[in-house]
Each structure stands twice: as structure tokens, then as C-alpha cells.
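Asks: Once you've had a glance at the structure underneath, I'll fire off some questions.
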Amino acid sequence: MVHLQLLTISGSDSGGRSGIQADLKTFASLGAYGCSVVTSVTAQNTSGMQGFEATTPSMVALQLSSVLSDFSLSGIKIGSLRSSQTIETITETLNRHFTTKSSRPPIVLDPSSGHSPLDATVAASLSALLPWTSLLIIDASDAIILSGWEGGFQSEADMSRVAAKLGALGAGWVLLRGVALGEGDETTSLIWSDAGEVATFEQHPSTSGAKALGADSSLSSAIAVYLAEGSTVSEAIRIATGYIASATAASHALALDNTSPGTIDHFHGLLPRSLLLPTPTKPQPFTDYLLNVDPAAWKRFVHHPFVIGVGNGTLPLKSFLHFIQQDYHFLKSYARTNALSAYKTQDMSEMAASMEITTAVIKETEMHVKYCEKYGISREELLAVEESVECVAYTRYELDVAMKGDLLDARVVTHPCLLGYGQVGAWLLAATEGVDKTESNPYWGWVKEYGGDWFQGAVKTGTDLLEETVVKSPISKVRLAELGRTFKKTTELEIAFWDAAMAAA
């Protein structure tokens with residue numbers, strides 16, 4: 001097996017929580033071989049730093065040349081550098097070794113992972129290194145110094161402007177992290193690209209000790225690994241953030257008195273789990289996995305022309321009536337499948353939650369009856385409607401999977417319907433444009449039902465049950481892929497169901 005080879009250029013942490021120690025542990029935990037160039041040596045423990053000595057620039061150059069001449073590097077992570085001479089030495093050595101831009105591996109620069117803020121001299125030297133970087137990761141205070149931004153951050157627009165100024169210095173991508181915009185315990189992180197590919201914001205609770213004890217250093221080194229594997233920058237940030245969230249959730253105390261915050265557990269992933277454990281920042285890892293099996297199909301489902309027509313009131317009534325009648329018959333099988341989930345567990349709380357969903361489905365069928373009666377279709381006529389081919393295909397597939405499979409199969413095969421209608425209802429209810437929220441929209445009542453508390457509560461119950469099932473009984477990668485195929489097939493059947501309604505007009 002050929003391992004990816006990565007290099008970290010940073011200081012040494014005698015406590016093993018950050019610096020090259022954290023980087024090398026991150027590389028190893030993600031299956032990569034790690035080399036290192038030590039730019040400084042520290043004496044530190046969980047209570048702080050007791051001493052610091054910089055490595056001479058000549059020794060930094062010798063280390064770097066030695067590694068570059070012998071290893072086939074797939075990525076480089078450059079951490080905290082507090083000496084302008086060291087930065088200039090690294091820049092010159094990289095220039096000599098990599099003569100063209102195409103010959104360079106991805107380089108992640110994280111100057112904020114140290115213990116002190118940048119000064120003006122170091123910032124000026126770093127500017128020469130920025131054109132080398134694939135991604136600059138920087139904290140708020142250092143971003144202000146490096147960009148020359150006057151004033152603090154008052155809004156996300158300020159963050160975008162600062163990121164653009166850093167991009168103008170040569171960084172193709174910028175991750176500006178940990179900016180406090182409000183008075184709460186949340187910070188905002190901005191991903192910026194000079195090509196305009198990504199400009200998204202992520203809210204997350206600010207962490208304290210666990211973050212200070214290795215999360216920042218390890219995040220940038222994890223991103224470097226995922227870039228080396230071929231991920232795009234935005235993908236690498238997303239995956240690495242999940243890795244760090246789980247590593248932080250598995251943190252453990254180190255200090256003798258057990259009062260110091262814990263350090264992250266880099267090797268939490270060696271547990272026999274194919275998915276990360278739920279965390280406050282990523283509470284639904286299994287659902288996230290399922291949604292990313294075929295995100296294009298999921299988008300076709302929840303943004304189907306049927307949904308758009310319901311939202312703006314232009315859906316032909318014939319399409320809606322076809323749907324509402326067929327969906328009534330679908331829901332009878334859907335309720336039976338959820339009841340099967342209750343049958344397949346011996347946990348009384350899980351059984352009760354499955355029955356809660358079944359009860360919500362029964363309520364949903366009565367809503368369909370009222371819609372039909374509104375348009376002159378009696379309950380008797382509704383019951384006599386013949387199931388369409390699409391309805392038969394969907395319901396029989398769903399029942400077959402639930403009957404022959406286990407509890408998890410039953411939960412997964414029913415989840416696209418529950419989650420999808422929940423997302424559609426919430427999206428249309430919250431939309432600020434493109435949706436007719438007046439009584440002149442004949443389908444606005446339908447939107448309010450699925451976007452309302454009772455249905456959103458059922459969605460949360462179903463999603464929590466799904467996640468809890470996987471946490472209690474870890475599954476293999478082969479089993480995970482199998483469940484992903486079930487979720488995808490059910491999503492495709494949902495799309496076909498709405499296609500048939502559109503064709504009925």
C-alpha cells in the first residue's frame with residue numbers, strides 16, 4: 001500500500017497538543033505518512049508555555065531541503081511562523097525546489113495556530129509566501145494585521161472584504177475563522193475563493209479548552225490530507241471540520257489534577273465505525289451521508305416542478321388532485337412500514353417514537369381526505385381510486401425492503417419521504433420570494449401543514465431515531481453503501497411519484 005506523504009513546517013510542542021506533534025498525529029490518523037521541519041522548540045504543558053527557542057534559519061533550510069530531495073510530497077502544511085528570517089528561508093527554499101506552479105503540491109498556510117499574534121514584520125514576510133498557498137487559514141486578529149484592514153468585524157460583509165484583500169495578496173482560497181459578530185457564544189467562519197466558487201458562512205459554537213488544545217493545528221493538517229487525496233478545497237474543509245468535531249467530542253483530560261481542558265483524540269476514527277459520531281456541530285452524520293449519496297437526485301426531489309408549482313400556486317389542479325389521491329394510498333403503506341419499525345425493535349422508547357410517526361401519517365391521510373372533499377371527491381370515491389403504477393412501484397419496494405430487512409432498513413427506506421416533505425414545507429414556508437403566501441394560492445394550506453410544528457416534529461423524531469440506531473449498532477462500510485443505495489432508490493421513486501402527478505395534467 002502506497003501512503004500519501006505530507007510535510008508539516010511548524011514549531012514543536014513538548015506537550016504534544018499542537019504544532020508538529022498534532023500535525024503528525026493527524027496525518028497518521030488519516031492514513032498519511034508525515035515528515036516535519038521544526039521551526040522552533042517550546043517547553044509547554046497544559047498550563048501554558050515555559051520556554052521558546054527558534055530554530056536557526058540555516059537549520060530550517062537544511063531540514064526542508066533534506067525532505068524535499070527525498071520524499072514525493074502530496075501536500076504541505078505550514079503552521080505558526082514567528083520569524084521573518086525563517087519565513088524568507090522557507091520561501092526561498094520552496095522557490096528553488098518547485099520551479100513551476102504546476103509542480104507544487106497543495107500548500108495549506110495556517111499562521112494563526114501559534115500562541116501569539118502576528119507582528120508587522122512577520123506579516124510583511126508572510127505576504128511573499130501567500131502566492132504559494134492553495135489555502136490560507138487565518139483567525140480574525142491575524143487577518144486584520146495581514147490584510148491591513150482598519151477596524152474590526154461588524155458583519156459578514158466585512159469578513160468578505162478582508163478575505164478579498166488577503167486573496168489579492170495571492171491566496172487563492174481563504175478560510176477566515178472564529179469571528180465573533182454578536183454577543184452570543186457563536187462565531188462565524190467564512191470560506192472565500194478568488195474564482196467566486198464558494199462564499200458560504202458557517203455558524204458554530206465557539207469552543208474553549210478543547211480548541212486551544214490542538215483543534216486549530218489539526219484542522220489545517222486534516223485539510224492538507226484531504227487536499228492531497230484530491231478533494232476540492234471546499235470539500236476538504238467540510239470533511240476536515242467533521243473529523244475535528246468528532247475528535248473534539250472524544251477529547252480527554254491530560255493534566256495530573258484533571259482540571260485542564262482535554263486534548264482532541266486524533267485516533268477516534270480507529271473505532272470500528274464507518275461514520276463519525278454525532279456532535280453538537282454535526283448532529284446528523286448518517287443523514288448527511290445519505291443526502292450526499294446522490295445530492296443531484298435529492299435536489300430534483302425537493303425542488304421538483306411540482307413543489308415550485310405548489311409554492312407559487314401555478315400547479316394545475318388536475319396534477320394536485322392526482323397527487324393527493326395517489327398519496328392517500330401511498331400513505332396507507334407508509335404507515336404500515338413505520339409500524340413494522342415498531343415491530344422490529346424491543347426498545348419501548350423507540351417503539352413509541354415509531355408509533356408517533358405512524359400516528360402523524362394517519363393524521364396526514366385525513367388531511368388528504370379533506371382536500372379531496374373540498375374538490376368534490378368523497379371518501380368513498382377516494383378509497384375506490386386505483387393505485388397508479390408509480391404508487392405500486394414505490395409502496396411495494398418500501399414494504400419489501402422493510403419486511404426482509406432489519407430495523408435500520410425500515411428506517412432508511414421511509415426516511416426520504418419524511419425528510420423530503422419536511423424540507424419542502426420548511427423551505428416554502430420560510431421563502432421570501434417565489435412563493436404565494438396568500439389565500440389566493442389554493443395550496444398554501446398544504447404548505448403550512450408540512451412546514452408546521454406537527455410535521456416538523458415528526459421529521460425530527462424520525463431523524464433522531466435514524467441517528468440513534470446507527471450510534472447504538474455501528475455498521476460496516478459495505479452496509480453503509482447498501483443503505484445509501486436504498487435511500488437513493490427511494491428518492492428516485494419520490495421523483496417518479498411527482499413526475500406522474502405533473503403528467504396527469
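The values are calculated or read from the model by the stated rules, or taken from the named source; none is laboratory data. The structure displayed is predicted, hence computed values, not measured ones. Because the Cβ atoms are built from the backbone with ideal geometry, glycine has one as well, and the counts that use them run over all protein chains shown. With ligands, DNA and RNA removed, areas are computed over all heavy atoms of the protein, side chains included. Shrake-Rupley method; radii C 1.70, N 1.55, O 1.52, S 1.80 Å.
Asks: Quick one: of the DSSP bridges fully inside the chain, what percent are antiparallel, nearest 5?
Replies: DSSP beta bridges in the chain are roughly 45 percent antiparallel.
Asks: Which Cα, out of Gly451, Gly311, Tyr243, lies furthest along the positive dipole direction of the chain (beta carbon charges, K/R +1, D/E -1)?
Replies: Comparing the listed Cα positions along the dipole, Tyr243 ranks first.
Asks: Then there's this: If you find the alpha carbon centre of the range 313-359 and of the range 444-502, how far apart are they in angstrom?
Replies: 11
Asks: OK, next. In the calculated pair distance distribution of the range 395-459, what percentage of Cα-Cα distances lie above 17 Å?
Replies: Every Cα pair in the range 395-459 considered, those over 17 Å come to 51 percent.
Asks: What is the percent of Cα-Cα separations in the range 13-101 that go past 21 Å?
Replies: So the portion of pairs separated by more than 21 Å is 36 percent.
Asks: Per q in 0.13 Å⁻¹, report the Debye log10 I(q)/I(0) for the range 292-423, using one uniform scatterer on each alpha carbon and no solvent.
Replies: Evaluating at q = 0.13 Å⁻¹ gives log10 I(q)/I(0) of -0.62.
Asks: Still on this structure: Treating cross-link reach as a plain straight distance, find the lysines whose alpha-carbon is under 30 Å from the alpha-carbon of Lys282, omitting any fewer than eight places away in the same chain.
Replies: Answer for Lys282, where 30 Å is the Cα cut-off: Lys25, Lys77, Lys211, Lys299, Lys344, Lys448, Lys460, Lys472, Lys477, Lys488, Lys489, listed by chain and number.
Asks: Ok, one more. Going by a ≥ b ≥ c, the root eigenvalues of the Cα gyration tensor, does the range 425-475 fall in the rounded group (a/c under 1.5), the prolate group (a/b larger than b/c) or the oblate group?
Replies: In terms of gyration-tensor shape, prolate.
Asks: What is the percent of Cα-Cα separations in the range 353-439 that go past 23 Å?
Replies: 43
Asks: Another question, then. If packing is taken as the average count of other Cβ atoms within 10 Å, what order do 288-298, 5-15, 404-414 fall into, highest mean first?
Replies: By packing density, highest mean first, the sequence is 5-15, 404-414, 288-298.
Asks: If the reach is capped at under 14 angstrom between alpha carbons, list the aspartates and glutamates near Lys370, excluding any in the same chain fewer than eight residues apart.
Replies: Within the straight-line limit of under 14 Å, Lys370 reaches these aspartates and glutamates: Asp327, Glu380, Glu381, Glu449.
Asks: How large is log10 of I(q)/I(0) for the chain at q = 0.09, 0.12 Å⁻¹ when the intensity is taken from the Debye formula with one equal scatterer per alpha-carbon?
Replies: Each listed q corresponds, in turn, to -0.75, -1.07.
Asks: Per residue, how much accessible area does the range 1-145 have with a 1.4 Å probe, in Å²?
Replies: Each residue of the range 1-145 exposes 41 Å² on average to a 1.4 Å probe.
Asks: Which shape class applies to the range 119-161: rounded if a/c is under 1.5, otherwise prolate when a/b exceeds b/c and oblate if not, where a ≥ b ≥ c are the square roots of the Cα gyration tensor eigenvalues?
Replies: It comes out oblate by the Cα gyration axes.
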